[in-house]
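**Q** Take this structure first; my questions come after.
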Amino acid sequence: MTQTTQSDSSRQPSIDKTAVTKQVAAVGVGGNVALSAIKLIAGIMGNSTAMISDAIHSLSDVFATAIAFIGVRLAERDADATHPYGHERFECVASLMLGLILAGTGLAIGYSSIETIATRSYVSASAPTIVALAAAVLSIVVKEGMFWYTRHWARVLNSSAFMADAWHHRSDAISSVGALLGIGASMLGFAAGDAIASLAICVIILKVAYDVMKDALNNMTDTPCDHEFERKIGNCIEEVPGVVRIDALRTRKFGNRVYVDAEIAVDGQLKLIEAHEIAEAAHDAVEAGFEEVKHIMIHENPA
C-alpha cells in the first residue's frame with residue numbers, strides 16, 4: 001500500500017497568500033463600510049425603505065468578509081497533533097456562517113417588507129427621491145466590481161470562504177437592482193413598489209444563502225467529487241505503465257481539497273518492490289496533474 005505525503009508547497013501559486021488574504025479582506029470590509037454608510041444616508045434622505053434594507057445587507061457583508069478572512073487564515077495552518085489532516089474545513093465552517101448571516105439578513109428584510117405591505121404604511125410615506133436612485137446605481141457598480149475582484153482571488157487561492165464572500169457581494173448587487181426598480185416604480189407613482197422591491201431582495205438573499213450553505217455542508221460531509229473529475233483521475237492512473245486496471249476509485253471533498261483512495265491491479269508475478277514502484281508512479285502522476293488533490297492512497301492488488 002502506498003500512501004502520499006502532503007506536498008502542498010510545490011503546487012501552490014507563487015504568491016504571498018497572507019498578503020493577498022489581508023488585501024481581499026481589507027477591500028471587502030472598507031468597501032462595505034463606505035457603501036453601507038452612503039446607502040443608509042441616501043435611504044433616509046431619499047425616503048426609500050428598499051435602500052435602507054440594501055444598506056443593512058451591505059453592513060452584513062462587513063461581518064461576512066471578516067468571517068471569511070478568519071476562516072481562510074485558520075485553514076492555512078499546518079497539520080498538527082490535534083488536526084493531523086490539516087485545517088481546511090475551517091473554510092467550510094466560515095462559509096456556513098456566511099450563509100447563516102445571509103439567511104438572517106434576508107429574513108429580517110422580508111419581515112419588514114411584509115409588515116409594510118400588510119399595514120399599507122407605504123400609502124402615507126413620501127415617494128423616494130433621486131438621491132436614493134443614484135445610491136442604487138452606485139451600489140450596483142461598486143458591488144459588482146467587488147464580486148469580480150473577490151471571485152478572482154478566491155479562484156487563485158482556491159478558497160471556498162472567499163468564493164462565498166464574492167457571491168455575498170453579487171447578492172448585494174442584485175438586491176440593489178431590485179431597489180433601483182422599486183425606487184423607480186415609487187417615483188413614477190406606484191407607492192408599493194419600494195416595499196415590494198425589499199421583499200424581492202429578501203427572496204434573492206435567501207436563495208444565495210441556501211446555495212452557500214449547501215456547498216459548505218457538501219464540503220464538510222465527505223461528499224464525492226463529480227463523475228467527470230473521477231474519470232480524469234482514473235484515466236491518469238490507467239496511463240501509468242504497469243497498471244493493468246483500476247479495481248476501485250473513491251474521492252471525497254475535504255474543505256476545498258480532495259482525498260483519493262484507489263485500488264489498482266498489477267502483474268501478480270512482480271516483486272513487491274516493483275509493484276510498489278508502479279503504485280508510487282501512479283501516485284506521483286495524480287499529485288502532479290491535479291492540484292486539488294491533498295492526499296492520495298493507492299493499494300496494489302495482484303491481477
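The values are calculated or read from the model by the stated rules, or taken from the named source; none is laboratory data. It should be emphasised that the depicted structure is a prediction, and the values quoted were computed from it without experimental measurement. Note that each Cβ is placed from the backbone with ideal geometry, even for glycine, and that neighbours are counted across all protein chains shown. Ligands, DNA and RNA are stripped out before the accessible areas are found, and what is left, the full protein with its side chains, is counted by its heavy atoms. Shrake-Rupley method; radii C 1.70, N 1.55, O 1.52, S 1.80 Å.
**Q** Would you be able to tell me the number of residues in segment 205-233 that are closer than 19 Å to G99 by Cα, crowded, with 21+ Cβ neighbours inside 10 Å and among the hydrophobic types (A, V, I, L, M, F, W, C)?
**A** Number of matching residues: 5.
**Q** Test of understanding: among H57, H83, H87, which residue is at pLDDT below 80, out of contact with any Phe, Trp or Tyr (no Cβ under 7 Å at 6 or more places or on another chain), open to solvent by less than 40 Å² (accessible area, probe 1.4 Å) and not in a helix (DSSP H, G or I)?
**A** H87
**Q** Does segment 234-249 contain any residue that is closer than 25 Å to P84 by Cα, of a type in the set (K, R), open to solvent by 60 Å² or more (accessible area, probe 1.4 Å) and part of a strand (DSSP E or B)?
**A** Taking every residue of segment 234-249 in turn, none turns out to be closer than 25 Å to P84 by Cα, of a type in the set (K, R), open to solvent by 60 Å² or more (accessible area, probe 1.4 Å) and part of a strand (DSSP E or B).
**Q** Name the residue that is least open to solvent (accessible area, probe 1.4 Å), counting only residues in segment 1-50 that are under 30 Å from I296 (Cβ atoms), modelled with pLDDT of 50 or more and assigned to a loop (DSSP other than H, G, I, E, B).
**A** Ranking the qualifying residues of segment 1-50, first place goes to I15.
**Q** So D261 ticks every box in (1) within 19 Å of A161 (Cα to Cα); (2) assigned to a strand (DSSP E or B) but one. Which box is left unticked?
**A** Failing condition for D261: (1).
**Q** Suppose we filter segment 129-163 for residues that are under 22 Å from V93 (Cβ atoms), open to solvent by 10 Å² or more (accessible area, probe 1.4 Å) and either assigned to a helix (DSSP H, G or I) or at pLDDT 80 or above (or both); how many remain?
**A** As a first pass, look at segment 129-163 and keep what is under 22 Å from V93 (Cβ atoms): 150-151, 153-163.
When the remaining residues are screened for being open to solvent by 10 Å² or more (accessible area, probe 1.4 Å), the result is 151, 153, 155-158, 160, 163.
Those left that are additionally either assigned to a helix (DSSP H, G or I) or at pLDDT 80 or above (or both): 151, 153, 155-157, 160, 163.
Residues that pass the stated criteria total 7.
**Q** Name every residue in segment 50-87 that is over 26 Å from S139 (Cα atoms) and of a type in the set (S, T, N, Q), in order of residue number.
**A** Once the filter is applied, which keeps residues that are over 26 Å from S139 (Cα atoms) and of a type in the set (S, T, N, Q), segment 50-87 yields only T82.
**Q** Scan (1) in contact with a Gly (Cβ under 9 Å, 6 or more places away or on another chain); (2) farther than 19 Å from V29 by Cα; (3) in contact (Cβ under 8 Å) with a residue 60 or more places away in the chain for the single condition S113 breaks and write down its number.
**A** Failing condition for S113: (1).
Residue by residue, here is whether (1) over 28 Å from the mean Cα position of the chain (by Cα); (2) modelled with pLDDT under 80; (3) over 30 Å from A55 (Cα atoms) holds:
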residue: I183; (1), (2), (3): yes, yes, no
residue: L188; (1), (2), (3): yes, no, no
residue: G193; (1), (2), (3): yes, yes, no
residue: T221; (1), (2), (3): no, yes, yes
residue: F229; (1), (2), (3): no, no, yes
residue: G234; (1), (2), (3): no, no, yes
residue: R252; (1), (2), (3): no, no, yes
residue: Y259; (1), (2), (3): no, no, yes
residue: V266; (1), (2), (3): yes, no, yes
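**Q** Only one of these is part of a helix (DSSP H, G or I), surrounded by fewer than 16 Cβ atoms within 10 Å (Cβ to Cβ) and either modelled with pLDDT of 80 or more or of a type outside the set (S, T, N, Q) (or both): I109, I114. Name it.
**A** I114
**Q** Another question, if that's okay. Quick check: anything in segment 238-249 closer than 23 Å to E91 by Cβ and touching a helix residue (DSSP H, G or I) at 6+ places or on another chain (Cβ under 7 Å)?
**A** So far as segment 238-249 goes, no, none of its residues is closer than 23 Å to E91 by Cβ and touching a helix residue (DSSP H, G or I) at 6+ places or on another chain (Cβ under 7 Å).
**Q** Moving to a separate point now. Examine segment 178-189 for a residue that is over 28 Å from F290 (Cα atoms) and outside any helix (DSSP H, G or I), and state whether such a residue exists. Write out each step before concluding.
**A** Filtering segment 178-189 for residues over 28 Å from F290 (Cα atoms) gives 178-189.
Checking which are outside any helix (DSSP H, G or I) leaves us with 188-189.
Yes.
**Q** Tally up the residues in segment 276-303 that are farther than 12 Å from V240 by Cα and either in a loop (DSSP other than H, G, I, E, B) or open to solvent by less than 60 Å² (accessible area, probe 1.4 Å) (or both), please.
**A** Applying the first criterion (farther than 12 Å from V240 by Cα) to segment 276-303 yields 276, 287-303.
Cutting the leftovers down to either in a loop (DSSP other than H, G, I, E, B) or open to solvent by less than 60 Å² (accessible area, probe 1.4 Å) (or both) gives us 287, 289-298, 300-301, 303.
Here the count works out to 14.
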